[in-house]
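Okay, structure first, notes after.
The values are calculated or read from the model by the stated rules, or taken from the named source; none is laboratory data. Given the structure is predicted, the values throughout are model-derived calculations rather than measurements. Ideal geometry is used to build each Cβ from the backbone, glycine not excepted, and the neighbour counts take in all protein chains shown. Each accessible area value is taken on the protein alone, full model and side chains, heavy atoms only, with ligands, DNA and RNA left out. Shrake-Rupley method; radii C 1.70, N 1.55, O 1.52, S 1.80 Å.
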Amino acid sequence: MRILLFGSPGVGKGTQAKILSSKLNIPHISTGDILRQAVKDQTKLGMKAQAMMNVGELVPDDVMIGIIKYTLSQLKCSNGFILDGFPRTTVQAEELDKLIEELTLSNVVVVAITAAKEEIIKRLTNRLDCKVCKSIFSKDELENVTSCPKCGAESSFFQREDDTEEVIKKRINVFIENTKPVLDYYKGKREVIFIDGNDSVENVNEKILAELKIHSK
Ligand code: AMP
């Protein structure tokens, strides 16, 4: 199964993608993670992307399409993947469709997670990531905790540079303007499964798995 996980920043895509990846045994491809690694490694791509990411803007389509073409070509023969953070514009969606056709990839579903804006802002300002295993936590969960509950790494938590209130607002606006229209693009082209993300991580995951089961029958 090939899942295109769609939704606003902070809606829980990363968290859900990690759980689905482990339960369905298919790789999780996060374009945000790919870019953050490139920034960390100070590669040409990283240096180009860093300034845009820090202010919550999108990295240009041609750069992102290049990354996805390379990544999906490597996975052509695998039995699935979860794409998290791509496509983020209609141009990216069009190019992804061309690539899906070229690589003759089947069983592609769009899972769109939704949540209220206030909840999204609350989650993002309250979020800490583990720099070792990339797990995502809330600050409340990590009160009095010094090692990562998932991988055990010591003092590995950090707040993403783009999780400040100002950049969060910008990222949400970019989502509304550039990314939401992707759903209109898919109308009539692909089945979109809508999932209410205003719920616990476990409940949202159960809902996604139940819908995927129905869809794959
Ligand atoms: P994320 O981890 O998905 O929230 O992505 C973090 C940042 O990486 C975004 O705010 C963008 O600057 C950049 N980014 C990730 N995926 C894309 C994409 N598909 N298109 C453009 N920029 C992206």
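Whole-Hz ³J(HN,Hα) for each residue in segment 192-202, computed from phi via Karplus 6.51 cos²θ - 1.76 cosθ + 1.60 with θ = phi - 60°, x for glycine and proline: what do you get?
These are the phi-based 3J(HN,Hα) values: 10, 9, 8, 10, 6, x, 7, 7, 5, 4, 5 Hz.
In segment 46-129, carbon and sulfur make up what percent of the accessible area (probe 1.4 Å)?
54 percent
In debye, nearest 20: dipole of segment 29-91 around its Cα centre with unit charges on the Cβ of K, R (+) and D, E (-)?
Computed about the Cα centre, the dipole is about 140 debye.
Roll a 1.4 Å probe over the protein chains and send me the accessible area per residue for segment 5-138 in Å².
Working: 6060 Å² over 134 residues.
Accessible surface, normalised per residue, equals 45 Å².
Taking Cα centroids, how far is segment 30-61 from segment 82-145 in Å?
Value for the Cα centre distance between the two parts: 15 Å.
So what is the relative contact order for the chain, in percent, with contacts set as C-alpha pairs under 8 Å and at least six apart? Write down the numbers at each step before the final one.
On the way: 290 pairs, mean separation 64.9, N = 217.
The value is 30 percent.
Could you tally the net charge around Gln42, taking each other residue with its Cβ under 14 Å from the Cβ of Gln42, Lys/Arg +1 and Asp/Glu -1?
The answer is +3.
Is there a quick way to get the dipole size of the chain? I mean about its Cα centre, with the Cβ of Lys and Arg at +1 and of Asp and Glu at -1; what is the value in debye to the nearest 20?
Computed about the Cα centre, the dipole is about 400 debye.
Where q = 0.14, 0.16 Å⁻¹, what log10 of I(q)/I(0) comes from the Debye formula for the chain, counting one point per Cα?
Debye curve over Cα of the chain, log10 I(q)/I(0) at q = 0.14, 0.16 Å⁻¹: -0.89, -1.20.
Excluding ligands and nucleic acids, what accessible area in Å² is computed for Glu202 using a 1.4 Å probe, to the nearest 10?
The accessible area comes out at roughly 120 Å².
How high is the relative contact order of segment 1-93, given as a whole-number percent (alpha carbon pairs under 8 Å, six or more residues apart)?
47 percent
How do the peptides 17-27, 138-148 rank, highest first, by the average count of neighbouring beta carbon atoms within 10 Å per residue?
Top of the packing list down: 17-27, 138-148.
Got a sec to turn the phi values of segment 12-25 into Karplus ³J(HN,Hα) couplings, 6.51 cos²θ - 1.76 cosθ + 1.60 with θ = phi - 60°, whole Hz, x for Gly and Pro?
x, 4, x, 4, 5, 4, 5, 5, 4, 4, 6, 6, 9, 6
How big is the accessible area of Ser200 in square angstrom, nearest 10, if you roll a 1.4 angstrom probe over the protein chains?
50 Å²
Using a cut-off of 30 Å between alpha-carbon atoms, which lysines can reach Lys44, once sequence neighbours fewer than 8 places away in the same chain are excluded?
Straight-line reach from Lys44, under 30 Å: Lys13, Lys18, Lys69, Lys76, Lys98, Lys131, Lys134, Lys169, Lys170, Lys180.
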